[in-house]
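Contents: one structure, followed by commentary.
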Amino acid sequence: MKFPALIVLFIFLGTEFYLFSLVSSQIGGGWTILLVFVSAFLGVQVIRRLGFSVLTDMQTDLAAGKQPVLSLMGNLLIFVGGALLVMPGFFTDFIGLILLTKPGRRIFSGIAIALALPAVLSTFSSSRVYAQRFSTRPTARARNDQDEPNPNQKKGPVIIETDYRVEDDR
């Protein structure tokens with residue numbers, strides 16, 4: 001499982017180095033470094049503007065009675081796009097720019113949900129199974145008419161006895 005991640009990392013780094021050398025051979029080293037700094041500055045600006053827009057989008061969705069999941073996912077992808085612009089490299093800048101466009105966010109949000117949903121669901125189901133199998137305390141279950149009656153339970157209305165005192169302001 002570790003080797004595919006390592007292979008993807010080497011492919012990613014190789015792509016970044018190749019694109020960096022390709023761009024620097026075309027426009028020069030100084031301009032290439034300036035371009036990397038400009039993209040990092042734009043990424044920081046995107047992240048700064050995103051902070052308040054996430055909250056306002058979520059409040060708007062909640063006021064309209066909608067679940068803010070899609071707007072939250074879109075804003076999360078905008079944040080990831082800004083963070084990718086901050087990272088030095090042209091491949092990360094390209095993916096970051098794609099994430100800043102609406103069609104790119106639609107594509108990546110579908111991919112992210114498709115990848116994350118099975119993992120989230122399996123986590124919740126496995127934690128319940130673990131809790132049921134290895135719990136030392138008995139699990140509570142809902143009672144219905146078919147259950148046996150509890151002999152210690154009193155019949156009739158519940159009466160709460162207390163003392164009280166009436167105080168007048170006279």
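Annotations
- Being over 16 Å from the mean Cα position of the chain (by Cα), open to solvent by 40 Å² or more (accessible area, probe 1.4 Å), of a type in the set (A, V, I, L, M) and more than 15 Å from residue 105 (Cβ to Cβ) is a property that residue 63 has.
- Scanning the range 84-104 for residues that are open to solvent by 40 Å² or more (accessible area, probe 1.4 Å) and part of a helix (DSSP H, G or I) gives 86, 91, 94, 95, 97, 98, 102, 103.
- Inter-residue pairs, beta-carbon under 7 Å, first free of Cβ contacts under 8 Å to residues at least 60 places away in the same chain and in the range 89-110, second of a type in the set (Ser, Thr, Tyr), 6+ apart: 93/39
- Scanning the range 50-72 for residues that are in a helix (DSSP H, G or I), at pLDDT 80 or above and either within 30 Å of residue 12 (Cα to Cα) or among the hydrophobic types (A, V, I, L, M, F, W, C) (or both) gives 62, 63.
- Residues in the range 28-57 that are open to solvent by less than 80 Å² (accessible area, probe 1.4 Å), out of contact with any Pro (no Cβ under 6 Å at 6 or more places or on another chain) and β-branched (Val, Ile, Thr): 32, 38, 44, 46, 47, 54, 56.
The values are calculated or read from the model by the stated rules, or taken from the named source; none is laboratory data. Given the structure is predicted, the values throughout are model-derived calculations rather than measurements. So basically every Cβ, Gly included, is an ideal-geometry build from the backbone, and we count neighbours across all protein chains shown. These area figures cover heavy atoms from the full protein model, side chains too; ligands, DNA and RNA do not enter into them. Shrake-Rupley method; radii C 1.70, N 1.55, O 1.52, S 1.80 Å.
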